[in-house]
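Okay, structure first, notes after.
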Amino acid sequence: MVEGKNEQAVFPRKLKMGMVGGGRDAFIGAAHRRAAMLEGDVELVAGCFSSTPEKSKASGKDLYLPDNRVYGTYLEMIAEELKLPEGERIDFVSVVTPNHMHYPVAKAFVEAGFNVVCDKPMVHTVEQAMDLIKAVKKNDVLFAVTYNYTGYPMVKQAQHLVKSGALGTIQKVIVEYPQGWLVTRAELEGSKQAAWRTDPARSGASGCIGDIGSHCENLASYITGLELESMCAHLSTFAAGRELDDDGDILLRFKGGAKGILTASQICPGQENSLRIRVWGTKAGLEWIQEEPNYLLVRSNDGPEQTYRRGWGYNCDAAKAATRLPTGHPEAFFEAFANIYHNYCNTLRAKLMGVAPTEIDLDFPTVVDGARGVYFINKAVESNASDVKWTPAEFVL
């Protein structure tokens, strides 16, 4: 294990994971499973993997699960799992359905007392988000939202540099996420992902901003710690006939005076997952690129450009704890996802044992982060529809 890696709390068994969604041919469900089990301390034991019992059973066979732990509906899953003694039932459930099912599924499990990991965006509406916060608190469960880009070691190093004052007072943030996969009507060409992500009933109030713009908001918030004050959003739909936005540009004003630009697009040919963030303070600036995730660039007027690299001892404790391999061996998407699950599971083990989790264990996106993301998405839609230049966007619990 790399020096600085956070050891899990001593626990007598693997944590038992359940899953709702993520059946055959589901990319994100497979990513969640691989991430959760990467450390070898979690096992998938149950699930409701599809919207039909037949497909769910077939997916369960693919995953070598016993028939009696593969359920036809998520409500059946809750009822049957509750019949099992503690230690045999699932310790947490991962919700990886299309967006419109996040709220009913997550809330049902929370109200039944199960811990939850939910894909983003957490829910459709601000009202649902606030209701879920109340339910999590009332039932004393552990809830995470998988904004996975905050799991990268160099993102954690970037946050550390901001917190330590190395950049000075933050004045400007530019975060962008161009993709090209929806430049044509892929939803009419057999793409299952495109079909539900461009459908308002399943995706929510926004397409592009809800899908990848929300990652931009979360990444900027995580690294800088800045809170939004207001925004001016311009959302566009370039593909004729598409119901949701496939492109968006948003001017941001933060509390304290910092300014920002957030741009996300899915109609940029040749772009894959080109998430990039640049942050400038009064002393220096930094840049991180998701497609080159093991490097963090820092620039100032007082010396040459610096490159921080994953795996070196000069990085902060959180970056070290998120690193599995020695220098020169690339780590990327699955490992970042796994870091979210690892910290969540360490915190869950601590909770089950009645001990305090470490600060590093607690470094994962919570239900509050998920709610802030939902608020951001809906405020962007509101701003786009408004004739007023600046839309208030302060998130208050």
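Structure notes:
- Criterion applied to Ala79, Ala9, Ala58, Ala26 was being modelled with pLDDT under 95, surrounded by fewer than 20 Cβ atoms within 10 Å (Cβ to Cβ) and hydrophobic (A, V, I, L, M, F, W, C), and the one residue passing it is Ala9.
- Only a single criterion out of (1) within 24 Å of Lys163 (Cα to Cα); (2) of a type outside the set (Phe, Trp, Tyr); (3) buried (at least 19 other Cβ atoms within 10 Å of the Cβ) is not satisfied by Val381, namely (1).
- Looking only at region 319-348, and only at residues there that are assigned to a loop (DSSP other than H, G, I, E, B) and of a type in the set (D, E, K, R), the one that is farthest from Thr307 (Cα to Cα): Arg324
- Looking across region 297-319 at every residue that is acidic (Asp, Glu) and farther than 24 Å from Asp363 by Cβ, the one that is surrounded by the fewest Cβ atoms within 10 Å (Cβ to Cβ) is identified as Asp302.
- Positions within region 174-193 being crowded, with 20+ Cβ neighbours inside 10 Å and either free of Cβ contacts under 8 Å to residues at least 24 places away in the same chain or farther than 30 Å from Lys255 by Cα (or both), in sequence order: Leu182, Glu187
- Scanning region 342-362 for residues that are buried (at least 24 other Cβ atoms within 10 Å of the Cβ) and touching a Ser or Thr at 6+ places or on another chain (Cβ under 8 Å) yields a total of 1.
- Residue in region 220-229 that is part of a loop (DSSP other than H, G, I, E, B), more than 19 Å from the chain's Cα centre (by Cα) and of a type in the set (Asp, Glu) present: no
- Failed criterion for Trp312 (all others in (1) of a type in the set (Phe, Trp, Tyr); (2) touching a strand residue (DSSP E or B) at 6+ places or on another chain (Cβ under 6 Å); (3) farther than 29 Å from Ala194 by Cβ hold): (2)
- For Ile212, the conditions (1) crowded, with 17+ Cβ neighbours inside 10 Å; (2) outside any strand (DSSP E or B); (3) without any contact (Cβ under 8 Å) to a residue 24 or more places away in the chain; (4) not acidic (Asp, Glu) all hold with the exception of (3).
- Here Ala240, Ala258 are screened, and the one residue that is surrounded by 13 or more Cβ atoms within 10 Å (Cβ to Cβ) and farther than 28 Å from Pro330 by Cα is Ala258.
- Region 320-332: number of residues that are in contact (Cβ under 8 Å) with a residue 60 or more places away in the chain and either buried (at least 20 other Cβ atoms within 10 Å of the Cβ) or touching a Lys or Arg at 6+ places or on another chain (Cβ under 7 Å) (or both): 5
- Meeting the requirement of 3 or more residues that are within 14 Å of Val368 (Cα to Cα), the strands (runs of 3 or more DSSP E) wholly within region 41-152 are 115-118, 143-145.
- Evaluated against (1) within 21 Å of the chain's Cα centre (by Cα); (2) under 28 Å from Gly248 (Cα atoms); (3) not charged (D, E, K, R); (4) not in a loop (DSSP other than H, G, I, E, B), Gln171 falls short on exactly one condition, (1).
- Subset of region 269-290 [farther than 23 Å from Phe238 by Cβ and either among the β-branched types (Val, Ile, Thr) or surrounded by fewer than 17 Cβ atoms within 10 Å (Cβ to Cβ) (or both)]: Ile277, Val279, Thr282, Lys283, Ile289
- When restricted to residues that are among the basic types (Lys, Arg), modelled with pLDDT of 95 or more and within 20 Å of Gly210 (Cα to Cα), region 140-194 contains 1.
- Candidate set: region 96-152, residues that are under 28 Å from Lys320 (Cβ atoms) and β-branched (Val, Ile, Thr); chosen: the one surrounded by the most Cβ atoms within 10 Å (Cβ to Cβ): Val145
- Odd one out for Lys351 among (1) touching a helix residue (DSSP H, G or I) at 6+ places or on another chain (Cβ under 7 Å); (2) outside any loop (DSSP other than H, G, I, E, B); (3) among the basic types (Lys, Arg): (1)
- Filter result (of a type in the set (Lys, Arg) and over 15 Å from Gly47 (Cα atoms)) within region 84-107: Lys107
- Residue among Glu292, Glu359 that is outside any helix (DSSP H, G or I), more than 25 Å from Ala144 (Cβ to Cβ) and modelled with pLDDT of 95 or more: Glu292
The values are calculated or read from the model by the stated rules, or taken from the named source; none is laboratory data. What you see is a predicted model; the values in this text were computed from it and never measured. As a convention, Cβ positions derive from the backbone with ideal geometry for all residues, glycine included, and neighbour counts pool all protein chains shown.
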